Amino acid sequence: MNINKICAAVSTLCFAGTAVTLSMNNLNNDKAFALENPLGDVDGNGVIDGVDASTILSYYAQISTNHDGTTPELRSGDVDGNGVIDGVDASAVLSYYAYISANHDGTTLEQFIDKQNDTPANKLKSGGDTFTVAVWNADEYPRLISTWLDVSDRDLVDYFSSQTYRYDRIHHPDSPMFRTPSGAGLNIVNFGVGGGEAAEHYDQMFASGEDMDVYYCESEWMNKYINDDKRTAPLSDLGFTDEDLAQTYEFADKIGHNKNGVRKAVAPFICPGGFAYRTDLAEYYLGIKSPSEMQSAVGNWDDFVSTAQKVSEKTNGNLALADTVGGMYQAYRMSHRMVDKDENLTADARAFADYAKTLWDCGGVTKNGQWSDEWINNGLQDKVMGYFVPSWGLNGYLSLASENTPGQWELIQGPEAFYWGGIYTVVNPATDNADDCASFIRSSCLDKKNTLKTAENDIYYLPNNKEAVSEIVKNPSLTAIGSVDTFGTKNYLNVLADTAENITFTPYTYRNESDVELFILNTIQKNYITGYTPWSVTETACKSSKYWPLIK
């Protein structure tokens, strides 16, 4: 880190609320710089912050032109203990100040330095002037970045919103408000597209060699990137260890590992799901009076099908238990692989097809597709008892489907613990701002305090932090997702938290999981469920498709 960048970082800290008033007389004030001052606390005020770093830099500038070494009154500024006070010491103080501001865990400067010395060396380059974050839309990044830099979401969006379209954007702003802890300028590249379209834009950026430090991927298509060492760096190269990710959810961490078991990505959020059902309909047709009774009735796929058949029989096929075959599929595929290593459909794929076909034939699942008007209207018109729904769907499609019946729903895990969707942070190996990459990941994905802060206005996700979610369960007001009025109780937060702990994830095997899985579902539905053709025809249809070579 060069002196200019350190000075810029000091300016950033000052802008955030640290008032720095310096004079060369301060450097010779024995009282201010007494020998008993703690390491790093050169002004003796009991706090190690930007003032100390700035004082060290001023002293360094003075001795650089006059003499080498340190004076007794500034000995506490020799943070690395090499007998010289210089920019390295100021950088260490700044790093510690950034860490302690985010974590508030009581770590001393000495402990922080020891930990850094014990952490695997950062293998990636630092010192760049611009820190670039690439995103496909503006839904999530404002909260993550503004929390990291301690600025307003609105200020961030207002400044960048009209500037960041890929082909017409500014370079980093001059305002210290938008500088990173290292002093680099912030640049946000917002494609303004859907998540599935982001890969094409990323490929163009890689091909052109454009600056990009951190970018986001969705879990279902990021295999293409995390299995390419030229496009994603191991998080261990940034110094992250298993201990650092101990509070993230196991399933989410597994998704972030590539095919060789290397951790390449970390999620700031999670989106566990469940089965939301109408309590009044369950009581009337099934005699079920509590969520625990309903869970027992649909606790595995065989029971789910059996209960759906009962509902259909009692309503002459006018009430389905499940919203869509697609919803069933989202839950089922979490722990079941549909294709084996030899590129054949598995026994699990056939089992799902049989479950879905049974319900289709008896009316236990609706015959509409997801994202259709009928999908929502069936809930409004009492034609469906339940929906498979992820966390982001609670304030989304379920809120619409339950508009006529607020408070008459409950959430249970259903036949299988599952998640649906999710975004992951990855790092470009060509980054020249590794220090900021590490700082940003720690702030947005790992720090409990910051993940809770970003959750305050989040109506879609839960933090990927067990301690933060535990606090949310105890106090639903900590997140906007705790204000869903569809349900009669707040127990849905417990369900989401428990589900996140219980998800069994089978690693993806496809380059583009979402395309291949959707194709398999559509092929099963077209040929086997509604086409009444033999299973062998479905297998042949899959293997003759353009998608099949993408599986390996």
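The values are calculated or read from the model by the stated rules, or taken from the named source; none is laboratory data. Note that the coordinates shown come from a computational prediction; the quantities given were computed from them, not determined experimentally. Every residue, glycine among them, receives a Cβ derived from its backbone with ideal geometry; neighbour counts consider all protein chains shown. Quick note on the areas: whole protein, heavy atoms, side chains included, nothing else; ligands and nucleic acids left out. Shrake-Rupley method; radii C 1.70, N 1.55, O 1.52, S 1.80 Å.
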**Request:** Using label points projected 7 Å from each Cα along Cα→Cβ, tell me how many nm separate Leu380 and Lys230, to one decimal.
**Result:** 5.1 nm
**Message:** Run the reach check for Lys448 against aspartates and glutamates, Cα to Cα strictly under 16 Å, same-chain hits fewer than 8 apart removed. What comes back?
**Reply:** Asp105, Asp150, Glu243, Asp244, Glu456, Asp458, Glu467, Glu471
**Complete:** Set Lys383/Lys543; Lys310/Lys526; Lys254/Lys526; Lys259/Lys449; Lys264/Lys367; Lys264/Lys341, cut-off 30 Å on Cα-Cα distance; pairs above it are Lys383/Lys543; Lys254/Lys526; Lys259/Lys449; Lys264/Lys367
**Request:** Rounded to the nearest Å, what's the spacing between the alpha carbon centres of segment 514-528 and segment 384-400? Just the number, please.
**Result:** 23 Å
**Request:** For Phe269, list long-range residues whose amide hydrogen, built 1.01 Å from N in the peptide plane, is under 5 Å from its own amide hydrogen.
**Result:** Ile423, Asn464
**Message:** What does the extension gain come out to for Glu456 and Lys259, with contour length at 0.36 nm per residue minus their alpha carbon separation?
**Reply:** 67.4 nm
**Prompt:** From the square roots a ≥ b ≥ c of the eigenvalues of the alpha-carbon gyration tensor of segment 366-408, which class results: rounded (a/c under 1.5), prolate (a/b over b/c), or oblate?
**Reply:** oblate
**Request:** At 0.36 nm per residue, minus the direct Cα-Cα distance, what do Thr504 and Gln408 gain on full extension? Give it in nm, one decimal, please.
**Result:** 31.6 nm
**Complete:** Rounded to the nearest 10 Å², the 1.4 Å probe accessible area of Arg333 is 10 Å²
**Request:** Could you go through segment 410-417 in sequence order and give the Karplus-derived ³J(HN,Hα) for each residue, using 6.51 cos²θ - 1.76 cosθ + 1.60 with θ = phi - 60°, rounded to whole Hz, and x for Gly and Pro?
**Result:** 9, 10, 10, 5, x, x, 7, 6
**C-alpha center-to-center spacing [segment 453-505, segment 238-296] in angstrom** = 11 Å
**Item:** Label-to-label distance, nm, for residues given as Lys314 and Lys526 (7 Å Cα→Cβ offset)
**Value:** 3.8 nm
**Asked** Once phi is turned into ³J(HN,Hα) by the Karplus curve 6.51 cos²θ - 1.76 cosθ + 1.60 with θ = phi - 60°, what whole-Hz value does each residue of segment 370-376 show in order, with x for glycine and proline?
**Response** 5, 6, 9, 4, 4, 4, 6
**Asked** Cα extents of segment 227-302 along the three principal axes, largest first, in whole Å?
**Response** 58, 23, 17
**Prompt:** Taking amide H positions as placed 1.01 Å from N in the peptide plane, with prolines and chain starts having none, which residues 5 or more places from Trp409, or on another chain, fall under 5 Å of its amide H?
**Reply:** Thr279, Gly488
**Asked** Rounded to the nearest 10 Å², what accessible area does His257 show when all protein chains are kept and the probe is 1.4 Å?
**Response** 50 Å²
**Message:** Using amide H atoms built in the peptide plane, which far-off residues or other-chain residues are under 5 Å from Val339 H to H?
**Reply:** Thr346
**Asked** Where the only charges are on Cβ atoms (+1 Lys, Arg; -1 Asp, Glu), what is the dipole of segment 366-471 about its Cα centre, to the nearest 20 debye?
**Response** 140 debye
**Message:** For a Förster distance of 56 Å, can you work out the FRET efficiency between the beta-carbons of Glu250 and Arg75, rounded to the nearest 0.05?
**Reply:** 0.75
**Message:** I'd like the distance between the alpha-carbon centres of segment 210-225 and segment 432-447, rounded to an integer number of Å.
**Reply:** 16 Å
**Semi-axis lengths (Å, descending) of the ellipsoid that matches the C-alpha gyration tensor of segment 313-385** = 27, 14, 8
**Asked** When all protein chains stay in place, what accessible area (Å², nearest 10, 1.4 Å probe) is found for Asp340?
**Response** 60 Å²
**Request:** Kindly write out, for segment 450-462 in residue order, the coupling ³J(HN,Hα) from the Karplus curve 6.51 cos²θ - 1.76 cosθ + 1.60 (θ = phi - 60°), rounded to whole Hz, with x marking Gly and Pro.
**Result:** 6, 5, 5, 5, 5, 7, 3, 10, 8, 9, 10, 10, 10
**Asked** Among rounded, prolate and oblate, which fits segment 187-238 when a ≥ b ≥ c are the square roots of the eigenvalues of its C-alpha gyration tensor, a/c under 1.5 means rounded, and a/b larger than b/c means prolate?
**Response** oblate
